[in-house]
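Engineer: Got a structure for you, questions after.
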Amino acid sequence: MDNRRGAGLLILEIAAMLLVFSLGAAVCLRAFGAAAKARDDARVRNAAMEAAVMAAETFRATGDPDSVAKRLNIPSVDGELCYETSDFTLRFSFSGGEMQVQAFEADACILSFRVGGAL
Amino acid sequence: MNNRRFFGPVGLVSLGVSFALVVMAIFSVTSLTKARAELSRAVTVCDAKAAFYLADAEAAHIARALEAAYSEQRLESCAEEYACTVRENLVSYGVPLDDRQVLAVTLRFDGEMEILSWRVENTQRWNPSDAISVWTGGN
């Protein structure tokens, strides 16, 4: 009877330890996943910002949408520019001598600002 | 016997797994903290750049309006409209970026508009830290 009870307790203890280990591992993996996502978001944001600043500085210097298109090596379609990468999309629209820049990551707007043209 | 019962299945393998779990937990928390800091910095940089270009566009808009007003010989009234400071042929104004910085612009109107300065300035007084006694050249 004692042996059976001892074996039962042993199995219970092993199960409890396995549960604790798997829970701990799951939490750690989740934290690693969240870290990887945050790092990827930061990388995409920085890359989008870099391209947007390049376009903005070109527009500030020239005030010419064609110069922005040439700088980013993209075609101009109906006066709008679209710079696409596998991570983000930059859209540039022009009105009243100003340029509106918007960056999207999977349809979510991650960056938006307006740039005044050259004086 | 009691000791054996107490430690139960905690053998070398369990200790190894526990250690690995603790190490993994430390690495995951460190990694998450660093990644969140990176993301936070990226968001802050994006916000700062967006604020700068917004202020820059506003400043350019004011400059264009002043230039047009100057050609129509109503510079003073236009400068007053945009809360600019006029001193002889110099017009100065500032567009706030945030609560600590302003884009300060100085324009000279002498036949045509000339940009004398176009720079970001701090609006808050800088208080140098005097906690560390730095050698200043004396004995």
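The values are calculated or read from the model by the stated rules, or taken from the named source; none is laboratory data. Keep in mind that this is a model prediction, so the values were computed, not measured. Neighbour counts run over all protein chains shown; Cβ positions are idealised from the backbone, glycine included.
Engineer: Condition check: without any contact (Cβ under 8 Å) to a residue 12 or more places away in the chain, closer than 30 Å to B:Glu112 by Cα, within 7 Å of chain A (Cβ to nearest Cβ) and part of a helix (DSSP H, G or I). Does B:Ala35 satisfy that?
Structural biologist: Numbers: without any contact (Cβ under 8 Å) to a residue 12 or more places away in the chain: yes; closer than 30 Å to B:Glu112 by Cα: no; within 7 Å of chain A (Cβ to nearest Cβ): yes; part of a helix (DSSP H, G or I): yes.
For B:Ala35, the condition - without any contact (Cβ under 8 Å) to a residue 12 or more places away in the chain, closer than 30 Å to B:Glu112 by Cα, within 7 Å of chain A (Cβ to nearest Cβ) and part of a helix (DSSP H, G or I) - is not met.
Engineer: Which of (1) out of contact with any helix residue (DSSP H, G or I) (no Cβ under 6 Å at 6 or more places or on another chain); (2) within 23 Å of A:Gly97 (Cα to Cα); (3) more than 14 Å from chain A (Cβ to nearest Cβ); (4) without any contact (Cβ under 8 Å) to a residue 40 or more places away in the chain does B:Thr106 not meet, given it meets every other one?
Structural biologist: Going through (1) out of contact with any helix residue (DSSP H, G or I) (no Cβ under 6 Å at 6 or more places or on another chain); (2) within 23 Å of A:Gly97 (Cα to Cα); (3) more than 14 Å from chain A (Cβ to nearest Cβ); (4) without any contact (Cβ under 8 Å) to a residue 40 or more places away in the chain one by one, B:Thr106 breaks only (3).
Engineer: From the list B:Leu66, B:Leu54, which residue is part of a helix (DSSP H, G or I), modelled with pLDDT of 90 or more and more than 10 Å from every other protein chain (Cβ to nearest Cβ)? Break it down into steps so the answer makes sense when it comes.
Structural biologist: Numbers: B:Leu54 fails: more than 10 Å from every other protein chain (Cβ to nearest Cβ).
The unique qualifying residue is B:Leu66.
Engineer: B:Ser14: more than 30 Å from A:Ala56 (Cβ to Cβ), polar (S, T, N, Q) and either at the interface with another protein chain (Cβ under 7 Å from one of its Cβ atoms) or surrounded by 15 or more Cβ atoms within 10 Å (Cβ to Cβ) (or both), yes or no?
Structural biologist: Yes: the conditions hold for B:Ser14.
Engineer: Please give the number of the condition A:Phe21 fails out of (1) touching a strand residue (DSSP E or B) at 6+ places or on another chain (Cβ under 7 Å); (2) modelled with pLDDT under 90.
Structural biologist: Single failed check for A:Phe21: (1).
Engineer: Another question, if that's okay. Given the conditions (1) in a loop (DSSP other than H, G, I, E, B); (2) at pLDDT 90 or above, and given that B:Val45 satisfies all but one, which numbered condition is not satisfied?
Structural biologist: Tallying (1) in a loop (DSSP other than H, G, I, E, B); (2) at pLDDT 90 or above, B:Val45 fails exactly one: (1).
Engineer: What residue, among those in the stretch A:52-63 that are without any contact (Cβ under 8 Å) to a residue 40 or more places away in the chain and more than 10 Å from chain B (Cβ to nearest Cβ), is surrounded by the fewest Cβ atoms within 10 Å (Cβ to Cβ)?
Structural biologist: Step one: filter the stretch A:52-63 for residues without any contact (Cβ under 8 Å) to a residue 40 or more places away in the chain, giving A:53-54, A:57-58.
If we keep only those that are more than 10 Å from chain B (Cβ to nearest Cβ) as well, we get A:54, A:58.
On the way: A:Met54: 15, A:Thr58: 21.
Within the stretch A:52-63, the match that is surrounded by the fewest Cβ atoms within 10 Å (Cβ to Cβ) is A:Met54.
Engineer: In the stretch A:74-119, what residues are under 24 Å from B:Leu66 (Cβ atoms) and either part of a loop (DSSP other than H, G, I, E, B) or in contact with a helix residue (DSSP H, G or I) (Cβ under 9 Å, 6 or more places away or on another chain) (or both)?
Structural biologist: Going through the stretch A:74-119, the residues under 24 Å from B:Leu66 (Cβ atoms) turn out to be A:94-100, A:113-119.
Of everything in the stretch A:74-119, those that are under 24 Å from B:Leu66 (Cβ atoms) and either part of a loop (DSSP other than H, G, I, E, B) or in contact with a helix residue (DSSP H, G or I) (Cβ under 9 Å, 6 or more places away or on another chain) (or both) turn out to be A:Phe94, A:Gly96, A:Gly97, A:Glu98, A:Met99, A:Phe113, A:Arg114, A:Val115, A:Gly116, A:Gly117, A:Ala118, A:Leu119.
Engineer: To continue, here is another question. Considering each residue of the stretch B:68-90, count those that are within 14 Å of B:Trp118 (Cβ to Cβ) and either in contact (Cβ under 8 Å) with a residue 40 or more places away in the chain or charged (D, E, K, R) (or both), and give that number.
Structural biologist: Result for the stretch B:68-90: 0.
Engineer: Might you check whether a residue that is touching a His at 6+ places or on another chain (Cβ under 9 Å) and within 14 Å of another protein chain (Cβ to nearest Cβ) occurs anywhere in the stretch A:99-117? Talk me through it step by step, then tell me what you get.
Structural biologist: Taking the stretch A:99-117 as the starting set, the residues that turn out to be touching a His at 6+ places or on another chain (Cβ under 9 Å) are A:116.
Subset that is within 14 Å of another protein chain (Cβ to nearest Cβ): A:116.
Checking the stretch A:99-117: at least one residue is touching a His at 6+ places or on another chain (Cβ under 9 Å) and within 14 Å of another protein chain (Cβ to nearest Cβ).
Engineer: Could you count how many residues in the stretch A:31-40 are surrounded by fewer than 19 Cβ atoms within 10 Å (Cβ to Cβ) and either within 7 Å of chain B (Cβ to nearest Cβ) or of a type in the set (A, V, I, L, M, F, W, C) (or both)?
Structural biologist: From the stretch A:31-40, those surrounded by fewer than 19 Cβ atoms within 10 Å (Cβ to Cβ) are A:32-34, A:36-37, A:39-40; that's our starting set.
After this cut, where a residue has to be either within 7 Å of chain B (Cβ to nearest Cβ) or of a type in the set (A, V, I, L, M, F, W, C) (or both) as well, the list is A:32, A:34, A:36, A:39.
Residues meeting the conditions: 4.
Engineer: Further, regarding this structure: So for the stretch A:24-39 (the condition being in contact (Cβ under 8 Å) with a residue 40 or more places away in the chain and outside any loop (DSSP other than H, G, I, E, B)), does at least one residue qualify? Break it down stepwise before answering.
Structural biologist: So the first thing to find is which residues in the stretch A:24-39 are in contact (Cβ under 8 Å) with a residue 40 or more places away in the chain, and the list is none.
Checked the stretch A:24-39: no residue is in contact (Cβ under 8 Å) with a residue 40 or more places away in the chain and outside any loop (DSSP other than H, G, I, E, B).
Engineer: Now, a different point. Name the residues in the stretch A:7-28 that are more than 8 Å from chain B (Cβ to nearest Cβ), surrounded by 12 or more Cβ atoms within 10 Å (Cβ to Cβ) and not β-branched (Val, Ile, Thr), would you? Step through it out loud before you land on a result.
Structural biologist: If we filter the stretch A:7-28 for residues that are more than 8 Å from chain B (Cβ to nearest Cβ), which is where we start, we get A:7-8, A:11-12, A:15-16, A:18-20, A:22-23, A:26.
Then keep just the ones that are surrounded by 12 or more Cβ atoms within 10 Å (Cβ to Cβ); that gives A:12, A:16, A:18, A:20.
A:Leu12, A:Ala16, A:Leu18, listed by residue number.
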